[in-house]
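Working notes for the structure below.
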C-alpha cells in the first residue's frame, strides 16, 4: 500500500512525477539539494512554482498542489522514514546516485520501495554496492515526459527484486498513476527510447539523403505513418534539440558497438549550429521551426537559413492517412523513397530487437504507442503492409531480414484465433495478448468483433453482456451526418438489442466537434436550409440518446469539445479520463453550440444554483468565452462535469470496464430522464448582457463580432427581448440554438473565422 511518496530531484522529470502523484491524491515530499541563504529548500520550492504555472498544466486542479511539500536532502532526508516509495530522479551520474542510495538506506523504513527514473544506467551498476535488503526493494520506474500526459511506464526488475515489490508498483502505477505498464528487461535504453530515438535519427538521416524539406519529412513521417503530427523535426523542437543530443549520446555510449543505432548517432553540424545560436526548440528561440516577423519559419536544410514554411508532401500524406502505410510505398519520387527507407529501417530495427528485449512484439508495440503516441506499433505496421511485402521491401533496400521475420513470410505478427487476439512469439507460437484485469484497449478488442452497423464515420459493436458500444472513427473524429446516424439508430433500437450503451473510442481525442469543413461548404453555397437540417438531425440524435430506454454512459479521453461534448452532455453518466478536455468552443469560430449544448449547460447551472438569471449569466460566460475544463475537476467548475454522478478514471485503459460497471449499477432500476422545463428570464437580463458586451468592446476586450456572437448567446439563454416566460420546453431551446446558429453562419465575419481556422489553424479575432 502506497500512501506517501518522496521524489528526490526536482528537475523536469521529478516535477512531473510529483505532480502526477498529487493528481492521484498522494502526499508527496519533493526534495532537492540545499540552497544557500535563508531558504534552504528554495530549489524544490521553485520547482513547485513551475508545476503550479505549467502549460499545459501538469496538475488537474490547483487544489492538488497542497499535496506536495518541498524540502532539501541535507535537512529533510530523514523524513523519508514516513514514505512507502522513494523515487530517485536526479542527474544521470552513477557516483551521485550511489551516494544518494547509501543515504536513503540509512533512513528508509524496511519495507519502503526505492526506484530510479534512469534509462541509461544498468540496474546492476546502480545497486552493485548496496545491501541485499535494499536490492530486494529496488526497481527502475522509467516515466516519460510530460508525466501527466504520457501513458508509458517502463518497469524494470532486478535479479533480486522481491516479486511483491513489483506487484505493488504495477498495481499502484496502473490504477492510481494511470500508467500503461511495460515490463522491460534490463537492456540498454529499454524499449521506447531505443526504438523511438532511432526512428527520429533515421528520419533526419533519410530527409537529408532523399533531399526532402523539413516540411515534407514532417508531413510524411507523421500521421500517415501513425506517428503524431509533430513528425520528426517538430518533435525534436518539442523535446529540445540540446536534450535530444544528450539522449543520442547517452544511447551511443550504452548500446553494443554493432547496433544499427551507431549509423545515425554522429554529431549533426546543423543541429550543433542551431544549439550554439540558442535555437534549442520551443523552449528557446525556436529550433527547426520558429516564429518569424512574417509568420512561421523553418530551417532550409541546404542553406541552414530560415525561410517561410511551405506546404509539404500534402498529396502523398493524404493518401497515407486515407489508405494506410502501403500507400506511401509505391512510387519513384524522393518522397516515396523517403517513406520506404524510413519504414524499412525503423521497423526492421524494432524486429531485430527480438528476442534480446522481449519474447513477443507486444512490449515493443505497447512502448511505442504509450510512450511516443504512435497509433500503431512497429509490428502492427508490418502487419498492415504484410510480412511478405515487408520482407521484399527489406530486400529491395538491401537491408538484412531480422531473425523474427525469417520463415514467417506467410504469417502475421498478430492474428485473431477463436475470438482472441494473439501475438506471434519468437518461437513461432501465437500467444494471447493478456491485459491486467479491468484493462481493455478497444483498438485490440475491436479486432475480435464484427460491427452490427457501420459507415465511414462510426460503428456499433456488441460487447459481452449485451452492451452496445458506439465508436466514432472519422478523420480526427469530427462529427458529421454519418456519425450521428449511428447514434440515432442505436438509441432508437436500443431496447431490442442492449441492456446499456457505451460511447467511446480509442483515438487520441474523443471528438473535437462537428466537421467545420462541412459548415464552410454550407456557408459558401449559402445553403442555410442545409445547415438547419443538419442541426435538426444532430439534435434529434442526441435527444434520442438522452431519452434512450437503456442507460447510456460516455467514456471519453482527450478532447471532447464542441459537438463532441454535446454528445456527452446527453448521456446518463460520463466516465472521463483524468486528462479529458470538456467544453463548448463554438464562439471562437463565430458560432454557437447547435446540438443542445447551450440548452444543457443552462439547465445544469440552474440545477446547481436554483436561479434562472444566475444560470443564464454563467452559461453566457461559459459559451461566450469558449471556456474549457482541462480535467474533470476543472470542468466541474464550469458545470461540464457533475461530481457525484459523473466519474473520473486515471488510466484510460480502464474507461470501458468502469463504464460497464456503471451500466450494471443502473440497469435494474433504470428510468429514462424526465424532460426538463425552462424559464426564460427575458428582457431585463438580456439588456444587461448587451450592456456588458458593449462595455467590453469599448475597453478593447471584445471585437465587433464577439459582440454579435455574444448577443446571440444571450438571446438563447434569456429568450431575448421578451417578457420573462415560464414553462419553456426543451424543444424551444433546441429551436433557439438553430436559429442563432444559422443567423451567425450568414455573417461574413463568421465565414472568415471558420476559413482562418481551417486554413491557418488559429483563431481570428475580427
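Rule-based calculations on the coordinates, nothing more; no lab input. Fair warning: this is a prediction, and the values are worked out from it, not measured in the lab. Here Cβ is always computed from backbone atoms with ideal geometry, including for glycine, and neighbour counts include all displayed protein chains.
Miscellaneous remarks
- For region 320-339 and region 530-579, distance of Cα centres in Å: 37
- C-alpha center-to-center spacing [region 121-195, region 621-643] in angstrom: 36
- Degrees between helix 163-175 axis and first principal axis of the chain (Cα, 0 to 90, nearest 10): 20
- Region 678-760: C-alpha gyration tensor shape, a/c 1.5 cut-off, then a/b vs b/c: oblate
- Across all directions, the shadow cast by the convex hull of region 4-184 built on its C-alpha atoms averages 9.4 square nanometres.
- Cut-off 16 Å (backbone N to label point 7 Å along Cα→Cβ of residue 309), residues of region 736-766: 756-764
- Beta bridges per DSSP with both ends in the chain, % antiparallel, nearest 5: 40
- Pairwise centroid distance, computed over Cα atoms, of region 450-526 with region 41-80, Å: 42
- FRET efficiency, 1/(1 + (r/R0)^6) with R0 30 Å, evaluated for residue 765 and residue 609 via beta carbons: 0.45
- Shape call, region 507-595: gyration tensor on alpha carbons, a/c limit 1.5: oblate
- Estimated FRET transfer efficiency (residue 525, residue 435; beta-carbon r; R0 41 Å; 0.05): 0.30
- The listed peptides 390-398, 736-744, ordered by packing as a protection proxy, come out as 736-744, 390-398 (highest mean of other Cβ atoms within 10 Å first).
- Scoring 651-657, 523-529 by mean Cβ neighbours within 10 Å over their residues and listing the highest first yields 651-657, 523-529.
- Taken along its principal axes, the alpha carbon cloud of region 192-424 reaches lengths of 60, 40, 33 Å, longest axis first.
- Using 0.36 nm per residue and subtracting the Cα-Cα separation, the extra length available between residue 209 and residue 285 on full extension is 24.6 nm.
- Structure-derived log10 I(q)/I(0) by the Debye sum over Cα atoms at q = 0.06, 0.08, 0.09, 0.12 Å⁻¹: which label, when the choices are (1) -0.36, -0.66, -0.85, -1.60; (2) -0.49, -0.81, -0.95, -1.27; (3) -0.40, -0.73, -0.94, -1.53: (3)
- Gyration tensor (alpha-carbon) shape descriptor, region 348-456, a/c threshold 1.5: prolate
- Highest mean first, the peptides 470-476, 516-522 sorted by other C-beta atoms within 10 Å per residue fall in the order 470-476, 516-522.
- Counting every C-alpha pair in region 715-766, the share spaced more than 13 angstrom apart comes to 66%.
- Nearest 10 degrees, 0 to 90: helix 192-210 Cα axis against the chain principal axis: 80
- Helix axis angle, 12-23 relative to the chain longest principal axis, alpha carbon, degrees: 50
- Inter-label distance, residue 133 to residue 496: 7.0 nm, where each label sits 7 Å from its Cα along the C-beta direction.
- FRET efficiency, 1/(1 + (r/R0)^6) with R0 51 Å, evaluated for residue 450 and residue 159 via beta carbons: 0.65
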